[in-house]
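Below: one structure, written as structure tokens.
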Amino acid sequence: PLALAFRDVPAGRDLLAKALPAMLGLVGVEAFVDWLQRAGHYRLNDSISSLSCGIVSRLLQGYLRFLTVAPYQLVHHLFAIRRVRVAGRDGGAWLRWLLALVAVDLGYYLGHRGAHACNLAWGGHVTHHSSEEFNLSTALRQGLFEGAFSWAYYLPMALFFDYRVYRAAMALNMVWQFWVHTRKIRRCPAWMEAVFVTPSHHRVHHGTDARYLDANFGGVLIVWDRLFGTFVSEGGADGADDGTEPVYGLTPKQLRSWNPIWATVHHFAAVWRRVHRFPHEPLSSKLQVLWRGPGWSPKQQRYLPAPSVERAEALAGKFDPPMP
């Protein structure tokens, strides 16, 4: 079964690896433009921290291969209803690719939304949200364990598309998500804002303001958020662009560390402490902390409202110790 699971996995550099030099170049261009504008959207220590998190994720994610690749391969080879071929020059090839891209994006929306609603999955995703800045370097701030909790949302694709198609469609999805991590583009054309995830939509997703929490989970298409009631527009309460931006980072407490390892594991440590904080609670109540969302109290058996970062940390300011 293991040999079957890993059979036909494409070798060599994938699309993301090929796109990485261009991504790094665009980070440099945006940082230079930011320096010319004196906008303050980049800090060297924060950007180094984001890139370090990405490096840790890239170097170590191969060890999670069994959790991320094997289930997909097994489902496809053992239970595929119909193996959809996307290669070829016939008129339907582009439609089959489009179906694969849409399926990946729906899986991403569901997995992303689930990651914000479950403490264990949030532990894998929280690294990406832990920067107090929002720029192209933030896009490269990836969590090592995110794939360990998201793979199940893509298994329905395995009933039709082989792993190579899924991997290519997922890479294209991630490439799109890179450019939306910017504050240099306020709004896109109205038709684009209506259908696709744009920088404005994704700034909302990274916001810690109360009205922005748990919103705009889409990867490429914002239509999922509009359909399932998780869409929030950037700006005032009426959705008008008033020029204000979200407060970025985590709530109720910012990470306040440049250590990429701590950025990767700090929420798991917090969950462990929370489980042991109530020694007299029954085991069933403690275990709920693992699958309930952040903010769940095993003692009160409810979600506690998170204080706004604006209120809790406005006086403290951003974490910005001097570099040696």
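Assorted remarks:
- Taken over the range 138-195, the criterion of being hydroxyl-bearing (S, T, Y) and closer than 30 Å to Y42 by Cβ is satisfied by T138, S150, T182.
- Here Y42 meets each of (1) in contact (Cβ under 8 Å) with a residue 12 or more places away in the chain; (2) assigned to a helix (DSSP H, G or I); (3) among the hydroxyl-bearing types (S, T, Y) with one exception, condition (2).
- Filter result for L15 (of a type in the set (A, V, I, L, M) and either open to solvent by less than 40 Å² (accessible area, probe 1.4 Å) or at pLDDT 95 or above (or both)): no
- Matching option when the condition is out of contact with any His (no Cβ under 9 Å at 6 or more places or on another chain), surrounded by fewer than 18 Cβ atoms within 10 Å (Cβ to Cβ) and in contact (Cβ under 8 Å) with a residue 24 or more places away in the chain, among V75, V102: V102
- Filtered residues of the range 191-219 (kept if modelled with pLDDT of 95 or more and of a type in the set (A, V, I, L, M)): M192, A194, V195, V197, V204, A215
- Hits in the range 21-52 (condition: open to solvent by 20 Å² or more (accessible area, probe 1.4 Å) and in contact with a Gly (Cβ under 9 Å, 6 or more places away or on another chain)): none
- Filtered by the rule that a residue be hydrophobic (A, V, I, L, M, F, W, C) and either open to solvent by less than 10 Å² (accessible area, probe 1.4 Å) or in a loop (DSSP other than H, G, I, E, B) (or both), the range 174-211 gives V180, I185, C188, V197, V204.
- Test: residue in the range 212-232 that is open to solvent by 20 Å² or more (accessible area, probe 1.4 Å), assigned to a helix (DSSP H, G or I), under 28 Å from V75 (Cβ atoms) and aliphatic (A, V, I, L, M): yes
- Boolean, Y154 is at pLDDT 95 or above and more than 20 Å from V232 (Cα to Cα): yes
- Members of the range 59-72 found to be of a type outside the set (S, T, N, Q), at pLDDT below 80 and open to solvent by less than 50 Å² (accessible area, probe 1.4 Å), listed by number: L64
- A count restricted to the range 258-268 and to residues that are open to solvent by less than 30 Å² (accessible area, probe 1.4 Å) and of a type in the set (A, V, I, L, M, F, W, C) stands at 1.
The values are calculated or read from the model by the stated rules, or taken from the named source; none is laboratory data. Fair warning: this is a prediction, and the values are worked out from it, not measured in the lab. Counting neighbours? That spans all protein chains shown, and the Cβs are built from the backbone with ideal geometry, glycine included. For accessibility, only protein heavy atoms count, side chains too; no ligands or nucleic acids. Shrake-Rupley method; radii C 1.70, N 1.55, O 1.52, S 1.80 Å.
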